[in-house]
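Reading through the structure tokens given below for one structure.
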Protein chains: 2
Amino acid sequence: MDITSLSLGEYSLVYNMLSFSIAAMLAAGVFFILARDRVSPKYRISLVISTLVVGIAAYHYFRIIGSWTGAFELSSAGTEYLSSGEPFNDAYRYVDWLLTVPLLLVELVLVLDLSRSKSSSMLTKLVIAAVFMIALGYPGELLSADSMFSERGFWGLLSTIPFVYILYILFGELGSAMEGQPERVRVLFRNIRLLLIFTWGFYPIVYMAPFFGLTGSSSLVTIQVGYTIADVLAKAGYGVMIYAIAREKSLAEGYSVEEAYA
Amino acid sequence: MDITSLSLGEYSLVYNMLSFSIAAMLAAGVFFILARDRVSPKYRISLVISTLVVGIAAYHYFRIIGSWTGAFELSSAGTEYLSSGEPFNDAYRYVDWLLTVPLLLVELVLVLDLSRSKSSSMLTKLVIAAVFMIALGYPGELLSADSMFSERGFWGLLSTIPFVYILYILFGELGSAMEGQPERVRVLFRNIRLLLIFTWGFYPIVYMAPFFGLTGSSSLVTIQVGYTIADVLAKAGYGVMIYAIAREKSLAEGYSVEEAYA
């Protein structure tokens, strides 16, 4: 990133989105903790994992906002923000994904409450694929490139293989495991899978941005805003949908929050 | 905002109001967590959401007070506060509303404990309207204008449409859903609806302030103090009223806190 200046509006937009994300992640975490008793005890583990995900994300957004304010400083005329010389550290996002992406898949499998052997085989496959997906994308992220047929493109392509494998599991094996579930749960499961594709699909688009000549300050701003929206949806929003699935299944199984205190 | 100086009193008044708001929001949050067992388990979700609302608000007030102290510095003579060059960031308020306003509507609908289909259709409508209300107001907030017939006025007008729609739902559909509720609950519901109109009604007044030539430091101070009072009432005060409704309904249904520990 060799951005030397940002307009006041560009700087603030990214800053405000980062701050928004911190608030959303922390609030979601408090919700997952306090609303735990509204789902049957066996589904609470998914809410616990949701709490970890948004907690890890909030931590990284605190770091990212710190790096953002450190990387730019108001010009003496007060009309724009100039690079302070310190690079803006975007690697926090990869560290975050390395931890949170496997967890997001784990909570989805756990909330479905499959047989133990089925769920542990599925978990192993998904977690390994998720780790490869993130780890293979990172080396390319460090390289600038202006073409798909570059070293960056090569790492991106490698990273896509586990991504496609994850989709294959979610739509194939996990999809067929949904047959026996109540109708409302099936609808929620279809929605959460769509949320996952749309939000996760945003990351490779950003990754490919340099191939289409999208560099410079407006591209940096678009990427940061886009990542942030995708993260809030893919973590806090996703967690709320996991909660909705857990709640729906709890109700279908005759669980009532009153009972929990009886 | 092109305020270049504030009197000592103006600066401190805003600072102290912001600090007051942090104290009120955090205290309210602690209350909603600790007093949860005084309402029947099914109403606790509304107190959980109240906790999120005041927590998100406290977070933003910490940021706003930080931006306030960063935007002004004491003159060397110590007689006034001068602009430090760094802009005072008021966008935190919009980010806050984007998260909290839908939540405020959600807790109101949930505490009424309507049928599932009725409450989910009402929630969808209210949440979507609330998001549009905030998102349409923001572009106008960035524009200065001295007339209602300006781009700022146009966005303000657009933002009013979902606001009116929200009022229509609260007074129409939700009002008629109150028929079957106990008398005390109906009174509380009428009061909370009035609180909502009076506090929310303050925001468009502030929005229109520039149309009446209200700019400069005294206007900045009035706006900040007004927003802060409205926020404390609309979030902490509103949450306490939600608690009162939940408590009243719990008592009417024979719930007793003693029992919860029996």
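Numbers for the structure displayed
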read-out: B:Phe132 vs. criteria at pLDDT 85 or above, surrounded by fewer than 20 Cβ atoms within 10 Å (Cβ to Cβ) and over 26 Å from B:Glu253 (Cβ atoms); value: yes
read-out: Per-region count, segment A:76-91, residues within 14 Å of chain B (Cβ to nearest Cβ) and free of Cβ contacts under 8 Å to residues at least 12 places away in the same chain; value: 3
read-out: Count of segment B:47-64 residues which are facing another protein chain (nearest Cβ under 7 Å), closer than 18 Å to A:Ile33 by Cβ and not hydroxyl-bearing (Ser, Thr, Tyr); value: 4
read-out: Flag for B:Glu107 being under 24 Å from the mean Cα position of the chain (by Cα), charged (D, E, K, R) and away from chain A (no Cβ under 14 Å); value: no
read-out: Per-region count, segment B:133-170, residues away from chain A (no Cβ under 14 Å) and either closer than 30 Å to B:Lys118 by Cβ or in a helix (DSSP H, G or I) (or both); value: 24
read-out: Flag for A:Val14 being in contact (Cβ under 8 Å) with a residue 40 or more places away in the chain, assigned to a helix (DSSP H, G or I), away from chain B (no Cβ under 14 Å) and of a type in the set (Val, Ile, Thr); value: no
read-out: Selection from segment A:28-46 of residues that are among the small types (Gly, Ala, Ser), facing another protein chain (nearest Cβ under 9 Å) and over 16 Å from the mean Cα position of the chain (by Cα); value: A:Ala35
read-out: Residue match in segment A:81-92 (condition: under 28 Å from B:Pro87 (Cβ atoms), outside any helix (DSSP H, G or I) and among the charged types (D, E, K, R)); value: yes
read-out: Segment B:20-54: number of residues that are over 20 Å from B:Ala260 (Cβ atoms) and surrounded by fewer than 16 Cβ atoms within 10 Å (Cβ to Cβ); value: 3
read-out: Filter result for B:Leu99 (touching a helix residue (DSSP H, G or I) at 6+ places or on another chain (Cβ under 8 Å), over 25 Å from A:Ala252 (Cα atoms), of a type outside the set (Asp, Glu) and within 14 Å of another protein chain (Cβ to nearest Cβ)); value: yes
read-out: Only listed residue being touching a Leu at 6+ places or on another chain (Cβ under 8 Å), in a helix (DSSP H, G or I) and closer than 24 Å to A:Val14 by Cβ, chosen from B:Ile45, B:Ile33, B:Ile64; value: B:Ile64
read-out: Residue within segment B:196-206 that is open to solvent by 20 Å² or more (accessible area, probe 1.4 Å), within 14 Å of another protein chain (Cβ to nearest Cβ) and of a type in the set (Val, Ile, Thr) present; value: no
read-out: Filtered residues of segment B:229-250 (kept if under 19 Å from B:Phe198 (Cα atoms) and of a type in the set (Phe, Trp, Tyr)); value: B:Tyr238
read-out: Among residues of segment A:55-77, those that are out of contact with any helix residue (DSSP H, G or I) (no Cβ under 6 Å at 6 or more places or on another chain), of a type outside the set (A, V, I, L, M, F, W, C) and either under 17 Å from A:Ile22 (Cβ atoms) or open to solvent by 20 Å² or more (accessible area, probe 1.4 Å) (or both), counted; value: 7
read-out: Residue that is surrounded by the most Cβ atoms within 10 Å (Cβ to Cβ), among those in segment A:244-262 that are within 11 Å of another protein chain (Cβ to nearest Cβ) and part of a helix (DSSP H, G or I); value: A:Glu248
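One line per residue, one yes/no per condition, for (1) in contact with a helix residue (DSSP H, G or I) (Cβ under 9 Å, 6 or more places away or on another chain); (2) farther than 18 Å from A:Arg93 by Cβ; (3) of a type in the set (Phe, Trp, Tyr):
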{"residue": "A:Ser117", "(1), (2), (3)": "no, yes, no"}
{"residue": "A:Ile128", "(1), (2), (3)": "yes, yes, no"}
{"residue": "A:Gly140", "(1), (2), (3)": "yes, no, no"}
{"residue": "A:Ser147", "(1), (2), (3)": "yes, yes, no"}
{"residue": "A:Leu167", "(1), (2), (3)": "yes, yes, no"}
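The values are calculated or read from the model by the stated rules, or taken from the named source; none is laboratory data. Just so you know, these numbers come straight off a predicted model, no measurement behind them. Glycine gets a Cβ as well: all are built from the backbone with ideal geometry, and neighbour counts include every protein chain shown. Surface accessibility is based on the protein's heavy atoms, side chains included, excluding ligands, DNA and RNA. Shrake-Rupley method; radii C 1.70, N 1.55, O 1.52, S 1.80 Å.
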